[in-house]
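What follows is calculated from the coordinates using simple rules that are stated; it is not laboratory data. On a predicted model such as this, the values are computed, not experimentally measured, just so you know. Cβ: placed from backbone, ideal geometry, glycine included. Neighbour counts: every protein chain shown.
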Amino acid sequence: MNLISKLTLFITLSKLAIVLLFILTLPYLIGGIARTYTDYYLRQQQEKVLDVVSKNGVESYLQGEESYGSYTMLKEEYISLEPVAKGFSIDTIYTDERIIEQDTLNYRVLTHSFPADSGTYLMEVGKTIDTIDQYNRPLQRIATYVLLALILITLVVDLFYTRYLLRPLGKIINTKIKNRKFPFNENSVPVQTSTTDFQSLDTSLISLMEQIHEAFEKEREFTANASHELMTPIGILQNKIENLMVEPEVTELVQLRLIGMQTTLNRLKRIVHSLLLISRIENEQFSKKEFVRVAELFDDVLDEINHRLSEREISLETNLSKNLELVNVNRDLLFQLVYNLMNNAIRYNKANGSIRIWDQVNADGSYEVGISDTGIGIPEDELATIFNRFKKANQAEEAAGYGLGLSIVKSIADYHKITIGIISEVSVGTTFTILFPEELVDMVE
Amino acid sequence: MKVLLIEDEKTLAYEVEAFLKKAFYICDLAHNARKGLEMLGVNPYDFVLLDLGLPDLDGLKVLQEAKKLNPDAAYIILTARGNIEDRIVGLDLGADDYLPKPFSLLELQSRMQAISRRKFNLNTHELDLGEFKIDLQKRTVSHSEKEIELTRKEFDLLSYLLLHKNRVLTRMQLCEHIWGTFADDDYDSNYIDVHIKNIRKKLSAFGPVEWLETVRGVGYKIRKQ
């Protein structure tokens, strides 16, 4: 889940929780406020009565009667005075039932005892719960509505603002991370934002990419220059040995040694050649304007490599469609790619084994060529690294090869946006597939 | 034949010179473009071997200048740059061949020989080899007017050995000539041996082939007076 969805979810849920909490506590809150206010009101009524009593005496209420009682028309409130035993003392507010003229009603009741004239009197002031609570419901409803409206407004504002706030981040991710391809050749444009965090994220990403790009460029340059510089001394050595070989003083033994040196030198030459080739491909020094028919390409490769097939008595079955042409490719590079794969298929095959070359046009218009051998196969744990430079598959095998053949294949494939696939089973065989994207494939008559 | 080698890497130049002298060429050296053009202005040369990576002038410019001074010479470009573009431009500018560094001296001689045949039309197309006649131009081998069928690679092998007659050629050198950069690392394998065996088999049906010698552990050579 990305940041914006998480934030949206969090904001919505937290606001919902607040609303829920408020709605749940609202009755208690409003009830509490009403009760507190009622109690205060009852106390005020008590003060009034006591005021009257202290001024005019308790008789102004009793008027000769034993006790006094009075209530409003709808019995919402009442007041009563009656004598109690001397020394009796009470002062409390509670909720209780009172029966007034056959009506049983719930009242909030204040009970207070006070001395007056010669005795002690008990005063009760009451207010029906119904009157107390009569505004609770509408109050609750209004409060809820207001709250909901406020929450809704803040929610919308929050969501829009976070979206606006996070937009540069999305831009950074899209332009700097998602849609960038190693080695980040294109220049980066800084993302416009006033948020300093994003600014520093953006600038560090840009500088990181520049560093990577620079390091990669340096490595490329180094490979090209180093290989190039190595060629001259290799050439000198090679020519020196060639001249030395025919010197009359050179004995047969020395000659054999010289051949050994030549072989080693040649190996060095081949490695440097391969490295140069890879660096040239990576430097995009090859044009991709040629076209080639796949069947012809394989024929040419086989022409070059046939002697190896017959030497190892490997049978070959070729089944390639003739009316397919690859366009916008480099013929020499594709030749090299096919050559290296074919060479591997022979090299790592068993004697008397076989190689099958097949192809298919996929539903999406891409074109796939497969080279299946009956060779020693590649262990699963080595599959991931066989395209690495100087990584030799089948280490145990005494096969020659300096681990650059498949690296070259990879570079050429990457350069053409070709995908190379491998399926392999140890001691059963390996299938290399070359998947040409649709834009390289052209049907011809 | 007079050769001018324009090459700034002196050690390399001396090796090429030594080799060419042994092959009976007369060889002059120039270590920079200025000197080379100067010499071209004074002396006629049959071959100009031109390194493209000279310190004082761009190699392709030198080629243009040199062609003006001596249009009849054959030009072979030597370069470590190895760009295909360089090669195309070089050949467009009138170079006769192109040899990427590092090159084998034997290959250099073979190219020069081929140019000689083509360009100077020397009468060395037909060579005698024992009872056989080899026509390098038509690429045929015959025995008393009867043509013997050899594959392209077999003929290449035979003519390369013949060109460097009386010199042992290693399997690696032969491989490199036949398969170029696609020569594989496993020289010990018997591809070359198989080809030689086939050549011997085809030829010996007509006459003796004792001139094609196997040098144990080293390679092959053609012995010829």
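Could you grab the relative contact order for region A:229-334? Cα pairs under 8 Å, six or more apart, rounded to a whole percent. That works out to 30 percent.
So if I average 1/r over every pair of distinct C-alpha atoms in region A:29-84 and take the inverse, what Kirkwood radius in Å does that give?
On the way: mean 1/r = 0.0776 Å⁻¹.
Answer for region A:29-84: a Kirkwood hydrodynamic radius of 12.9 Å.
To the nearest 20 debye, what is the magnitude of the charge dipole of chain A about its Cα centre, counting +1 on the Cβ of each Lys and Arg and -1 on the Cβ of each Asp and Glu? If you can, show how the numbers build up before the last one.
On the way: 43 positive and 60 negative charges, 154 e Å.
So the magnitude is around 740 debye.
Amide hydrogen proximity for A:Leu316: with H placed 1.01 Å from N in the peptide plane, the residues at 5 or more positions away or on another chain lying under 5 Å are A:Ile355. Calculate how steeply helix A:3-56 sits against the longest principal axis of the alpha-carbon atoms of chain A, using the helix alpha-carbon long axis, and give the answer as 0 to 90 degrees to the nearest 10. Approximately 10 degrees, to the nearest ten. Dipole check for region A:264-383: with +1 at the C-beta of Lys and Arg, -1 at the C-beta of Asp and Glu, and the Cα centre as origin, the magnitude is about 480 Debye. For the protein assembly as shown, the residue among A:Asn340, B:Asn198, A:Ser315 whose Cα projects farthest onto the positive side of the dipole built from Cβ charges is B:Asn198.
Counting alpha carbon pairs within less than 8 Å and at least 6 residues apart, what relative contact order, in whole percent, applies to chain A? Walk me through the intermediate numbers first.
On the way: 560 pairs, mean separation 43.0, N = 445.
Relative contact order comes out at 10 percent.
Taking only the Cα atoms of the protein assembly as shown, how large is their convex hull per residue, in Å³?
Values: hull volume 207.7 nm³, N = 670.
It is 310 Å³ per residue.
To the nearest 0.05, how large is the calculated FRET efficiency for A:Leu20 and A:Gln192 if R₀ is 45 Å and r is the Cβ-Cβ distance?
Working: r = 40 Å, r/R0 = 0.89.
The formula returns an efficiency of 0.65 here.
For region A:297-371, the Stokes-Einstein estimate of translational diffusion at 20 °C and a viscosity of 1.002 mPa s comes to 161 µm²/s, using the Kirkwood hydrodynamic radius over alpha-carbon pairs. Think of region A:155-303 as having a plus end and a minus end, set by charges on the Cβ of Lys, Arg, Asp and Glu; of A:Asn243, A:Ile278, A:Ile172, A:Ile172 sits farthest toward the positive end of this dipole.
In a DSSP loop and with at most 11 other Cβ atoms within 10 Å, the GluC sites (Glu not before Pro) in region A:152-232 are A:Glu186. Going toward the positive end of the dipole of chain B, with +1 on Lys and Arg Cβ and -1 on Asp and Glu Cβ, which of B:Gly180, B:Leu78, B:Val168 do you reach last? The residue sitting most towards the positive pole is B:Val168.
Of all DSSP beta bridges located in chain A, what percent are antiparallel, nearest 5?
Numbers: 58 of 63 bridges.
The answer is about 90 percent antiparallel.
Summing charges over all other residues whose Cβ lies under 12 Å from the Cβ of A:Lys417, with Lys and Arg as +1 and Asp and Glu as -1, gives -1.
Each residue of region B:25-31 was assigned a 3J(HN,Hα) from its phi angle through the Karplus curve 6.51 cos²θ - 1.76 cosθ + 1.60 (θ = phi - 60°); the sequence is 9, 9, 10, 10, 10, 9, 9 Hz, with glycine and proline shown as x.
When the helices of chain A are scored as -39500 (n - 2.57) per DSSP H run of n ≥ 4 and the total is divided over every residue, the value at 222 nm lands at -18500 deg cm²/dmol. Here the dipole of region A:148-277 is about 580 debye; that uses its Cα centre as origin and unit charges on the Cβ of Lys and Arg (positive) and Asp and Glu (negative).
For the residue pairs A:Lys176/A:Lys289; B:Lys35/B:Lys101; A:Lys15/A:Lys127, the C-alpha atoms sit more than 28 angstrom apart in A:Lys176/A:Lys289; A:Lys15/A:Lys127. Relative to the longest principal axis of the Cα atoms of chain A, helix A:252-282 runs at roughly 40 degrees.
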